[in-house]
Amino acid sequence: MAAVRRWSEGMSSDNIKGLVLAISSSLFIGASFIVKKKGLKKAGASGVRAGVGGYSYLLEPLWWFGMITMVVGEIANFAAYAFAPAILVTPLGALSIIISAVLAHIILREKLHTFGILGCALCVVGSTTIVLHAPQERQIESVTEVWDLATEPGFLFYTALVLTAVFTLIFHFVPQYGQTHIMVYIGVCSLVGSISVMSVKALGIALKLTFSGMNQLLYPQTWAFTLVVASCVITQMNYLNKALDTFNTAVVSPIYYVMFTSLTILASVIMFKLSGG
């Protein structure tokens, strides 16, 4: 309780806003996994499944409803990154695991075994620990400052490693092992996601500063971050759909969360803690 009290006393108003937005985001995203899965199954029954390269789900209203639910959740998540550090926001995605796992068990009739329950509990415990001990992040005053951090040698090296791993997975491992090894699709989503979160953080800060009177839309760096976010999100959605169509939601959700969170924290540490002194 003492740790919780010290944590709450040290929380700024911006961090509290980010916390509330992140929790709201998890509720929407957790539910969206189930709705999208239902849409993918319905579309796959009458067309080519997403798991084998089909896009018939784009004509399925239920999938679009799930997509809209996810977009609402991502908008809340996007706003959360503008107010609170990534190392605080990302771990709160553990809530979406609980929601999707429970709903998958009830609605999709996917069995949640003892180890699945234990895994979800460990995710929550780990996330709570990270949130309670999240370090203070440096104050960012312009999008150019984020750009300077993103172009430091350490983060550029991390980005190069991520892109190499993603292209290797997509062109070598996906055709051979995508249908049988869940880590292939999830690996692509998580690696790309760690880059997208840093770009979302930058874009969120740019919009926050713009709305407060300091126009960041004049900087080319803002539009560069926008392009990165769009590219990453499209890639994530494509391979997440493949994973959901091929494997159980109760398995996809926690593995994706753990990999995504771990890589995001690593990227955040490299970008905001080790860079720039």
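The values are calculated or read from the model by the stated rules, or taken from the named source; none is laboratory data. All values derive from a computational prediction rather than experimental measurement. Counting neighbours? That spans all protein chains shown, and the Cβs are built from the backbone with ideal geometry, glycine included. Keep in mind that these areas ignore ligands, DNA and RNA; they rest on the heavy atoms of the full protein, side chains included. Shrake-Rupley method; radii C 1.70, N 1.55, O 1.52, S 1.80 Å.
Look at Val124 and say whether it is under 17 Å from Ile34 (Cα atoms) and under 22 Å from the mean Cα position of the chain (by Cα). So Val124 fails the test.
Tell me, please, whether a residue that is at pLDDT 90 or above, of a type in the set (A, V, I, L, M), on the phi < 0 side of the Ramachandran plot and surrounded by fewer than 19 Cβ atoms within 10 Å (Cβ to Cβ) can be found in region 150-157. Checking region 150-157: at least one residue is at pLDDT 90 or above, of a type in the set (A, V, I, L, M), on the phi < 0 side of the Ramachandran plot and surrounded by fewer than 19 Cβ atoms within 10 Å (Cβ to Cβ). I'm checking my understanding of the structure. Among residues of region 41-76 that are under 13 Å from the mean Cα position of the chain (by Cα) and open to solvent by less than 30 Å² (accessible area, probe 1.4 Å), which one is nearest to Ala243 (Cα to Cα)? Restricting to residues being under 13 Å from the mean Cα position of the chain (by Cα) and open to solvent by less than 30 Å² (accessible area, probe 1.4 Å), the top hit is Met70. Number of residues in region 240-268 that are closer than 24 Å to Ala45 by Cα and touching a residue at least 60 places away in the same chain (Cβ under 8 Å): the value is 13. Highlighted here are the helices (runs of 4 or more DSSP H) found entirely within region 1-93 that include at least 3 residues which are modelled with pLDDT of 80 or more and touching a helix residue (DSSP H, G or I) at 6+ places or on another chain (Cβ under 8 Å): 13-46, 61-83. The set of residues in region 238-262 being more than 15 Å from Tyr185 (Cβ to Cβ) and either touching a strand residue (DSSP E or B) at 6+ places or on another chain (Cβ under 6 Å) or open to solvent by 20 Å² or more (accessible area, probe 1.4 Å) (or both) consists of Ser262 alone. The residue pairs whose first member lies in region 93-111 and is open to solvent by 10 Å² or more (accessible area, probe 1.4 Å), whose second member is among the hydrophobic types (A, V, I, L, M, F, W, C) and not in a helix (DSSP H, G or I), and whose beta carbons are closer than 7 Å, counting only pairs six or more residues apart or on different chains, are His105/Leu112.
Kindly establish whether Thr235 is more than 25 Å from Ser142 (Cα to Cα), open to solvent by less than 60 Å² (accessible area, probe 1.4 Å) and in contact with a Pro (Cβ under 9 Å, 6 or more places away or on another chain). Criteria not met by Thr235.
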